[in-house]
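Here's the structure we're looking at; comments come further down.
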Amino acid sequence: GPRFEETLRSLGAQNYPGLSVMVVDAGSGDDSTARVRGILPDAHVRRMPDRSFAAAANEALYEVRNATFLLICHDDVALDSSAVRVMLEEAYRSNAGIVGPKLIDFDNPDVLLEVGRSIDRFGFVHTGIEPGELDHAQHDGVRDVFYVSDTAMLVRTDLFHELGGFDPAASPGSEDLDLCWRARLAGARVLVAPDARVLGRDGARTHEDGAAP
């Protein structure tokens, strides 16, 4: 997408030194390798046939065995330079299996999008954030949440493999909910670490407005 380079630059600017980047190109019309290498020369690029986000992520991430954590993110986000480090520190401090950041609006960074998610009895997504709500640190406490979006999600590698990764049958739209739900059933904690800030777009609002996940 048009913000892909911003995503790559934000990953390259992380102040966590042990970060390796894999870009999964699932069926785009153009080879993205040159775009990636122009910003992150050491990044790995996996091109594969057109398939869902969940299936593509699973195929690529199943090969990763030498990393303790996986950071899964979309191609239209920008992470604050400390976001990865903050989520990792909280994962170790709280013994969490999955950690999400505070997601704020790409076009208006004063506006909150989500700080963790929940669902109601009918399966509709609920963030607890009002449309256009400004960020005044009112949601900045670290806390357990029902699930976090795979817009930007840190997950322990062994947990991801133990759970069999994302369920492609839940994709698109609910693979993150399904993964976190199964993680909680397995006894893992799912947390949000609001000091980790990520710019993104409002992916949950359409669900809150009436579309089931």
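Pull out all pairs, ordered by first then second residue, where Cβ-Cβ is under 7 Å, the residues are six or more apart or on different chains, the first lies in the stretch 28-48 and is at pLDDT below 85, and the second is of a type in the set (K, R). Listed pairs, sorted by first residue: D31/R47. Residue selection: A137 satisfies the criterion of being surrounded by fewer than 21 Cβ atoms within 10 Å (Cβ to Cβ), free of Cβ contacts under 8 Å to residues at least 60 places away in the same chain and small (G, A, S).
Go through the stretch 52-67 and give me each residue that's out of contact with any Ser or Thr (no Cβ under 6 Å at 6 or more places or on another chain) and either among the aliphatic types (A, V, I, L, M) or in contact (Cβ under 8 Å) with a residue 60 or more places away in the chain (or both).
Within the stretch 52-67, A55, A56, A57, N58, A60, L61, Y62, V64, R65 meet the criteria.
Annotation: A13 fulfils all but one of (1) small (G, A, S); (2) surrounded by 15 or more Cβ atoms within 10 Å (Cβ to Cβ); (3) under 20 Å from G200 (Cα atoms); the unmet one is (2).
Residues in the stretch 66-85: is at least one open to solvent by 30 Å² or more (accessible area, probe 1.4 Å), out of contact with any helix residue (DSSP H, G or I) (no Cβ under 7 Å at 6 or more places or on another chain), assigned to a helix (DSSP H, G or I) and among the β-branched types (V, I, T)? No, that holds for no residue. Note on the stretch 1-10: among residues that are part of a helix (DSSP H, G or I) and not acidic (D, E), the one that is most open to solvent (accessible area, probe 1.4 Å) is R9.
Kindly establish whether D144 is at pLDDT 95 or above and surrounded by fewer than 18 Cβ atoms within 10 Å (Cβ to Cβ). It is true that D144 is at pLDDT 95 or above and surrounded by fewer than 18 Cβ atoms within 10 Å (Cβ to Cβ). For the stretch 16-60, a residue qualifies if it is outside any helix (DSSP H, G or I), within 18 Å of V84 (Cβ to Cβ) and open to solvent by less than 40 Å² (accessible area, probe 1.4 Å), and the qualifying residues are V21, V23, L40, A43.
Checking each residue in the stretch 154-166 for being crowded, with 18+ Cβ neighbours inside 10 Å and part of a loop (DSSP other than H, G, I, E, B) picks out L163, G165, F166.
Among the residues of the stretch 146-153, is there at least one that is aromatic (F, W, Y) and either part of a strand (DSSP E or B) or touching a strand residue (DSSP E or B) at 6+ places or on another chain (Cβ under 6 Å) (or both)? There is at least one residue in the stretch 146-153 that is aromatic (F, W, Y) and either part of a strand (DSSP E or B) or touching a strand residue (DSSP E or B) at 6+ places or on another chain (Cβ under 6 Å) (or both). Taking the numbered list (1) under 27 Å from S174 (Cβ atoms); (2) open to solvent by 30 Å² or more (accessible area, probe 1.4 Å); (3) free of Cβ contacts under 8 Å to residues at least 60 places away in the same chain in turn, L112 passes all entries but (2).
The values are calculated or read from the model by the stated rules, or taken from the named source; none is laboratory data. Since the structure is predicted, the reported quantities are computational estimates derived from the model, not experimental observations. Here Cβ is always computed from backbone atoms with ideal geometry, including for glycine, and neighbour counts include all displayed protein chains. Just so you know, the surface numbers come from the protein's heavy atoms only, side chains and all, with ligands and any DNA or RNA stripped out. Shrake-Rupley method; radii C 1.70, N 1.55, O 1.52, S 1.80 Å.
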